[in-house]
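The values are calculated or read from the model by the stated rules, or taken from the named source; none is laboratory data. Since the model is a prediction, treat every value here as computed from it, not as a measurement. Reconstructed Cβ throughout: ideal geometry from the backbone, glycine too, with neighbour counts over all protein chains shown.
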């Protein structure tokens, strides 16, 4: 780590975006502390992630080591029809990993004493060129930068831009993870080492292999990750978001919270709408989980010495496979901009202004692409 900086950042959000930002800023000499609302480990959250170059570049810059291999390779993309026939095949090598593998690698690369769980951010105040973050526990933290990397439901964004809220796009992503050995042979033989799709009238599914629970990439120890995009009205969504304990969820249904009747309906729908391969994935999933697809784009990312990053600033739809990559790019570019300012004698505020201009444009392009892809895929007229 460089020693020329005594500057400090307080990061709100201990998921991938926050950890990436912490790792890249530490690489340019900043002191960093990460505060996460949840008192528990986040490793059970998320499923598959397409390992994009932006992520690898940011991790390399920060000195974060990944397992070798860091994921499961696929050599081609296939498109299945309702009868399970391959109607299109493309040579498209890529690497898929898991959210939990990336999370563990980044968390392990950061000093434990700088990771603070169970600390809910409530507000901040500016104090000259410093910010003071205020927490529910009455804790106060002073820093040169306050970074909101706390995702779609960002509390930091709620303080800075309360009018910018996620807008439901009209469909959801049902998701599931299946142990490799638990999928019937006929489905596994079709899907193995491929990135596979099945499109229908107003719905779309995809699947690929990711590392196992312990990050293993050994055949037989991996997991199938699947996603099924489905249209629901706002009223239908609200009914789905009522979990099995009678609690109205505001944003998503994590694993273990979906009502038994809704899981049964999902499987019945799969029998009617899917070929046998993707139907087998749904049937083999004990606890499918669901997240509504939303659109969000903040018009501004920098507010003096407070800023928004990753999904707190803009949310690309998952068809871009770019949410983690955008957070990585935001974080890496921020570290480079601040290092350049430190070395040239430029001000932090000038560096943040240039960073914002570039990253706002990146977010705009990615969110517009996601909207275009999603609406076309789901036959949604806009």
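Which residue pairs have Cβ atoms closer than 6 Å, lie 6 or more positions apart in sequence or on different chains, and pair a first residue in region 259-270 that is outside any helix (DSSP H, G or I) with a second residue that is surrounded by fewer than 17 Cβ atoms within 10 Å (Cβ to Cβ)?
Sorted first by the residue in region 259-270, then by its partner, the pairs are 259/244.
Among the numbered conditions (1) more than 23 Å from residue 38 (Cα to Cα); (2) within 17 Å of the chain's Cα centre (by Cα); (3) not assigned by TED's automatic domain parsing to the domain that holds residue 252, tell me where residue 173 comes up short.
Checking residue 173 against (1) more than 23 Å from residue 38 (Cα to Cα); (2) within 17 Å of the chain's Cα centre (by Cα); (3) not assigned by TED's automatic domain parsing to the domain that holds residue 252, the one that fails is (3).
Determine whether residue 132 is outside the structural domain of residue 237 (by TED's automatic domain parsing), assigned to a strand (DSSP E or B), surrounded by fewer than 21 Cβ atoms within 10 Å (Cβ to Cβ) and modelled with pLDDT of 95 or more.
Spelling it out, residue 132 is indeed outside the structural domain of residue 237 (by TED's automatic domain parsing), assigned to a strand (DSSP E or B), surrounded by fewer than 21 Cβ atoms within 10 Å (Cβ to Cβ) and modelled with pLDDT of 95 or more.
Any chance region 83-97 includes a residue that's surrounded by fewer than 20 Cβ atoms within 10 Å (Cβ to Cβ), in the same structural domain as residue 202 (by TED's automatic domain parsing) and touching a helix residue (DSSP H, G or I) at 6+ places or on another chain (Cβ under 6 Å)?
Checking region 83-97: at least one residue is surrounded by fewer than 20 Cβ atoms within 10 Å (Cβ to Cβ), in the same structural domain as residue 202 (by TED's automatic domain parsing) and touching a helix residue (DSSP H, G or I) at 6+ places or on another chain (Cβ under 6 Å).
Can you go through 352, 338 and tell me which one is in a helix (DSSP H, G or I), farther than 21 Å from residue 169 by Cα, in the same structural domain as residue 22 (by TED's automatic domain parsing) and touching a strand residue (DSSP E or B) at 6+ places or on another chain (Cβ under 7 Å)?
Result: 352 is the single residue among 352, 338 that is in a helix (DSSP H, G or I), farther than 21 Å from residue 169 by Cα, in the same structural domain as residue 22 (by TED's automatic domain parsing) and touching a strand residue (DSSP E or B) at 6+ places or on another chain (Cβ under 7 Å).
Going by the conditions given, is residue 119 assigned by TED's automatic domain parsing to the domain that holds residue 13, in contact (Cβ under 8 Å) with a residue 40 or more places away in the chain and under 22 Å from the mean Cα position of the chain (by Cα)?
Yes.
Is it true that residue 55 is over 17 Å from the mean Cα position of the chain (by Cα), buried (at least 24 other Cβ atoms within 10 Å of the Cβ) and at pLDDT 95 or above?
no
Output the number of the condition that residue 263 fails; it satisfies all remaining conditions of (1) under 26 Å from the mean Cα position of the chain (by Cα); (2) surrounded by fewer than 17 Cβ atoms within 10 Å (Cβ to Cβ); (3) at pLDDT 95 or above.
Of everything listed in (1) under 26 Å from the mean Cα position of the chain (by Cα); (2) surrounded by fewer than 17 Cβ atoms within 10 Å (Cβ to Cβ); (3) at pLDDT 95 or above, residue 263 misses just condition (2).
Quick check: anything in region 41-48 touching a strand residue (DSSP E or B) at 6+ places or on another chain (Cβ under 9 Å), more than 20 Å from residue 205 (Cα to Cα) and in the same structural domain as residue 330 (by TED's automatic domain parsing)?
Scanning region 41-48, I find at least one residue that is touching a strand residue (DSSP E or B) at 6+ places or on another chain (Cβ under 9 Å), more than 20 Å from residue 205 (Cα to Cα) and in the same structural domain as residue 330 (by TED's automatic domain parsing), so the answer is yes.
Listed residues 367, 324; which is part of a helix (DSSP H, G or I), under 28 Å from residue 63 (Cβ atoms) and under 20 Å from the mean Cα position of the chain (by Cα)?
That would be 324, the only listed residue that is part of a helix (DSSP H, G or I), under 28 Å from residue 63 (Cβ atoms) and under 20 Å from the mean Cα position of the chain (by Cα).
What number of residues in region 189-212 are without any contact (Cβ under 8 Å) to a residue 24 or more places away in the chain and assigned to a loop (DSSP other than H, G, I, E, B)?
Count: 1.
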